[in-house]
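Asks: Shown below is the structure under consideration.
The values are calculated or read from the model by the stated rules, or taken from the named source; none is laboratory data. In this text the structure is predicted, and so the values were computed from the model without any measurement. Note that each Cβ is placed from the backbone with ideal geometry, even for glycine, and that neighbours are counted across all protein chains shown.
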Amino acid sequence: MERRVLVVCSVVGFLGLVSAALGFAAEAEKVKISQVSQESPGVCIYPRSPAFVLGFTAAIALLIAQIIINASTGCICCRSSYRSNTNWTITLTCFVLSWLSFVFAFLLLLGGTALNDQHTMDNMYFGYYYCYVVKPGVFAGADVLSIVCIALGILYYLTLTSGKSQDGQWSGSPGVPTQSGIAMGQPQIPPTAQGPVFVHEDTYIRQHFT
């Protein structure tokens, strides 16, 4: 079990670092306003940027990490026998916060990726033409949320695993009390000091009449 926990945490942590690194790279390579051209008033032409591939790969890495951590823990809400454990509150809190941070990070990565793809867009706001680009810090914010998501996911996985190993009912087989062995044996009869003595018949008669 300890080896499995180590493998899961290592893989998920590695994917989290990959997602964060790619996200920061996408932040540096995102489309700048100077790179957007206007074909006509209100029609913005966006070039393809390396941020498209970087952001998309970061989102996929984060998704795979989230799938692995949740597949390893299973449905924690179905573990009714574990709710009496003192770690249950910590586990449930980390689980909820991990999913919330994952949703926001994933949406930010996909949204930033879509805006950094090569496309043409008609933009007009309140009578003014404006070419929208990803604001600074969008990918960086998604990276921070990704790191939070992975950290909380590993934390609730570890607390759930430790609770599973400590709770006999959680492990699937109730603990059976150890039965002490009962020594069985035959009664011991101490041997006689000497064997039986045979007396001759004539000796017995003489002793009887004397």
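Asks: Residue pairs, Cβ under 9 Å, 6 or more apart or interchain, first in segment 21-50 and acidic (D, E), second in a loop (DSSP other than H, G, I, E, B) and surrounded by 14 or more Cβ atoms within 10 Å (Cβ to Cβ). List them.
Replies: Within 9 Å, the pairs are E27/V134; E29/S49; E29/N116.
Asks: Related question: Looking at T86, T120, T91, which one is touching a Leu at 6+ places or on another chain (Cβ under 8 Å), at pLDDT below 90 and either among the hydroxyl-bearing types (S, T, Y) or surrounded by 15 or more Cβ atoms within 10 Å (Cβ to Cβ) (or both)?
Replies: Values: T86 fails: touching a Leu at 6+ places or on another chain (Cβ under 8 Å); T120 fails: touching a Leu at 6+ places or on another chain (Cβ under 8 Å).
Matching residue, one of T86, T120, T91: T91.
Asks: Right, another one. Quick check, is A51 closer than 19 Å to I150 by Cα and outside any loop (DSSP other than H, G, I, E, B)?
Replies: No; evaluated as a whole, the condition is false for this residue.
Asks: Can A71 be described as in a helix (DSSP H, G or I) and crowded, with 18+ Cβ neighbours inside 10 Å? Before you say what the answer is, go through the steps one by one.
Replies: Details: in a helix (DSSP H, G or I): yes; crowded, with 18+ Cβ neighbours inside 10 Å: no.
Answer is no for this residue.
Asks: Is segment 9-30 home to any residue that is modelled with pLDDT of 85 or more and assigned to a loop (DSSP other than H, G, I, E, B)? Show your work before the answer.
Replies: Step one: filter segment 9-30 for residues modelled with pLDDT of 85 or more, giving 9-30.
Remaining after also requiring assigned to a loop (DSSP other than H, G, I, E, B): 30.
Yes, that holds for at least one residue.
Asks: With respect to the numbered conditions (1) within 20 Å of G13 (Cβ to Cβ); (2) at pLDDT below 85, which one is the sole condition not fulfilled by A71?
Replies: It fails just one condition, (2).
Asks: Can I ask one more? Among the residues of segment 5-17, write down those that are touching a residue at least 24 places away in the same chain (Cβ under 8 Å) and more than 18 Å from G141 (Cβ to Cβ).
Replies: Within segment 5-17, V5, V8, C9, V11, V12, G13, L15 qualify.
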